[in-house]
Amino acid sequence: MMKSLQDSGSPYALITVVKASSSTPRKQGARMIVETGGRATGTIGGGPVEKRAMAAGQEMLFAGSEAAFMEFSLDDPNEVSSNALEIDSIYGGSMSVFIQCFHPPASLLIVGGGHIAKFLYEQAHDMDFGITVVDNREEFASQNRFPKACVINGNYRETLSTIPFNSPAYIVIMTHGHEFDEMVLDTVLERECDKICYVGMIGSARKVKTILENLLEKGADPAKIGRVRAPIGLKIGAATPQEIAIAIMAEIISVRRGMDFNNSHIMSIDGPLC
């Protein structure tokens, strides 16, 4: 079960009984898995202990937490503790559980393999992003240029229409042409995927305005257009390719960690793009 969740990029919480005394319903080593939607596999004994542990696991998944230790008393319903069980139970003793959350690694899709992309790739690699680089130019879609990334050399529209998103996805558009940027953004906005949580496009305010107006005229969803990060990156006065890459990564991190400064772009995003 855990492998199938990992392969699909789905977050889950593993709840393990690490200590049990007296007549608890399950003993040390009992495990269960809880998914974000509430589906559970396995059991640690049912009843209020399991219910509270499941609720805690779901809250931790949504908060991005890693792990927690919880103790439950099955003896005294009036115990002054937030973990005391306020029910009659045939069981007694105490139970301790360890909740460990598994979050799929975030993925960064860089469309366009130019100079800024190279520096952005290096930063994202250091931060353990799963990186994919797409470019329609063979010399820029090179494994030697991006050794630790999945590199795709192909047509932008065809590639972006079919590329899977199995984990939280951050998309940066920086191709070598105005028409390619527009094509890529149009294709991304057509995707129905709740894993996409950030889309940014590089370019001057004038270029961005032209592209977004063109897409609106073609019938693009205004709500999706309104969530595009463009111009991209936090306003830190970046000028060189290295500095621009830092500004972009800073914005991605601020969105990922829920600390969005929202100060560098003419559009904003709130939650999944699609």
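The values are calculated or read from the model by the stated rules, or taken from the named source; none is laboratory data. Predicted model only: the values in this text are computed from it and were never measured. Note that we place each Cβ from the backbone using ideal geometry, even for glycine, and neighbour counts take in every protein chain shown.
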> Can you name every residue in the stretch 166-199 that is of a type in the set (A, V, I, L, M, F, W, C), surrounded by fewer than 23 Cβ atoms within 10 Å (Cβ to Cβ) and part of a loop (DSSP other than H, G, I, E, B)?
Replying inline: Cys193
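Please work out which residue is modelled with the highest pLDDT, limiting yourself to the stretch 47-66 and to residues that are outside any helix (DSSP H, G or I) and surrounded by 12 or more Cβ atoms within 10 Å (Cβ to Cβ).
The selected residue is Ser65.
Answer with yes or no whether Ser142 is over 30 Å from Arg257 (Cβ atoms) and not assigned by TED's automatic domain parsing to the domain that holds Asp181.
Taking the combined requirement at face value, the residue does not satisfy it.
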> Just to be sure, is Met249 modelled with pLDDT of 90 or more and of a type in the set (A, V, I, L, M)?
Replying inline: yes
>> Out of the residues in the stretch 72-90 meeting the condition of being touching a Ser or Thr at 6+ places or on another chain (Cβ under 6 Å) and outside any strand (DSSP E or B), tell me which one is modelled with the highest pLDDT.
In response: Leu74
> Out of the stretch 91-114, which residues are in a strand (DSSP E or B) and either in contact with a His (Cβ under 9 Å, 6 or more places away or on another chain) or closer than 16 Å to Gly200 by Cα (or both)?
Replying inline: Ser107, Leu108, Leu109, Ile110, Val111
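Take Phe69 and tell me if it is surrounded by fewer than 18 Cβ atoms within 10 Å (Cβ to Cβ), within 27 Å of Gly130 (Cβ to Cβ) and modelled with pLDDT of 80 or more.
So Phe69 fails the test.
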>> Tell me yes or no: at least one residue of the stretch 222-235 is over 20 Å from Ala124 (Cβ atoms), surrounded by 14 or more Cβ atoms within 10 Å (Cβ to Cβ), among the aliphatic types (A, V, I, L, M) and modelled with pLDDT under 90.
In response: no
>> Among the residues of the stretch 31-46, what is the count of those that are more than 9 Å from Met95 (Cβ to Cβ) and not in a strand (DSSP E or B)?
In response: 6
>> Taking the condition of being assigned to a loop (DSSP other than H, G, I, E, B), touching a residue at least 40 places away in the same chain (Cβ under 8 Å) and either of a type in the set (Ser, Thr, Tyr) or surrounded by 16 or more Cβ atoms within 10 Å (Cβ to Cβ) (or both), how many residues in the stretch 115-165 meet it?
In response: 4
>> So for the stretch 225-238 (the condition being in the same structural domain as Ile131 (by TED's automatic domain parsing), part of a helix (DSSP H, G or I) and either of a type in the set (S, T, N, Q) or within 30 Å of Ser10 (Cα to Cα) (or both)), does at least one residue qualify?
In response: yes
